[in-house]
Amino acid sequence: MDNAFVILGFGLFGLVSGNVITRIAHQIPAILFARWQQQYFQITNNTLLLPIESAKFSLPLLFRPLCPNCSQPLSKRWLSSMTCWLCIKNRCPCCYKTICCRYLLTELICGLMFMVIVASNTDPVRITILLSVTLWLVTTSLIDISHQLLPDVFTLPLIWSGLIFALFGLSPLSLSESVTGTLIGYIFLWIPGT
């Protein structure tokens, strides 16, 4: 696409998407750890159980920014890390501690990747698929960098979508190449785990 306003619009959409996936990447590991702890207590017949709310995904938290240090809610005007970084010098108004620049960098990277994807492709279906996969991979990367954890909720849909795209010819790889890549990738992840 060669319209600069469209490219800039997708860049802004990338900034907002980067903000949301940063919050998702912050929430998912906490949910997984709470569920694993609940399962451990159930298996060991321990009576100390966590509240069910701590093991559930909270959609309102995605639209209500919290300070990563003190967990106090920030004002709605700090919905974007960019405005937080620029206006309040990247400090929480409650605890005055610095907010990690990872949020800002994720927003900027997503905005730039969205602009590059839209500028280099003209097919709307391909753009949609590339933007979705980009968000998915950035979210998975953030979780992996922070916790050295790749949740199945992120990896299994990617594997199956790659195989399905190859089956219907939407992928540049054939089905046999996709299955071979899946098997080799699984073996390389399985061998160090044994």
Taking interchain pairs and intrachain pairs at least six residues apart, which have beta carbon atoms under 6 angstrom, with the first residue in segment 138-156 and in contact (Cβ under 8 Å) with a residue 12 or more places away in the chain and the second open to solvent by 20 Å² or more (accessible area, probe 1.4 Å) and among the charged types (D, E, K, R)? none
Every residue in segment 26-59 that is modelled with pLDDT under 60 and in a helix (DSSP H, G or I), please. Ile52, Glu53, Ser54, Ala55, Leu59
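Okay, residues lined up against (1) more than 16 Å from Gln27 (Cβ to Cβ); (2) not aromatic (Phe, Trp, Tyr):
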position: Leu137; (1), (2): yes, yes
position: Ile143; (1), (2): no, yes
position: His147; (1), (2): no, yes
position: Pro151; (1), (2): no, yes
position: Thr155; (1), (2): yes, yes
position: Ser161; (1), (2): yes, yes
position: Phe168; (1), (2): yes, no
position: Ser171; (1), (2): yes, yes
position: Ser174; (1), (2): yes, yes
Being modelled with pLDDT under 90, closer than 24 Å to Gly14 by Cα and not acidic (Asp, Glu) is the requirement here; does Thr140 meet it? no
Residue pairs within 9 Å by beta carbon, gap of at least six or interchain, first lying in segment 168-185 and closer than 17 Å to Val133 by Cα and at pLDDT below 90, second surrounded by 12 or more Cβ atoms within 10 Å (Cβ to Cβ) and polar (S, T, N, Q), listed first then second, are Ser171/Ser178
Which members of segment 161-194 meet the condition of being outside any helix (DSSP H, G or I), under 20 Å from Trp136 (Cα atoms), open to solvent by 50 Å² or more (accessible area, probe 1.4 Å) and of a type outside the set (A, V, I, L, M)? Pro172
Could you please find all residues in segment 144-160 being assigned to a helix (DSSP H, G or I) and hydrophobic (A, V, I, L, M, F, W, C)? Ile145, Val153, Phe154, Leu156, Leu158, Ile159, Trp160
Out of segment 107-140, which residues are open to solvent by 60 Å² or more (accessible area, probe 1.4 Å) and of a type outside the set (A, V, I, L, M)? Ser120, Thr122, Asp123, Pro124, Arg126, Thr128, Ser132, Trp136
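The values are calculated or read from the model by the stated rules, or taken from the named source; none is laboratory data. Keep in mind it's a predicted model, so treat the numbers as computed, not measured. Every residue, glycine as well, gets a Cβ built from its backbone with ideal geometry; the counts of neighbours run over all protein chains shown. For the accessible areas, the whole protein counts, side chains as well, though only heavy atoms, and no ligand, DNA or RNA atoms are used. Shrake-Rupley method; radii C 1.70, N 1.55, O 1.52, S 1.80 Å.
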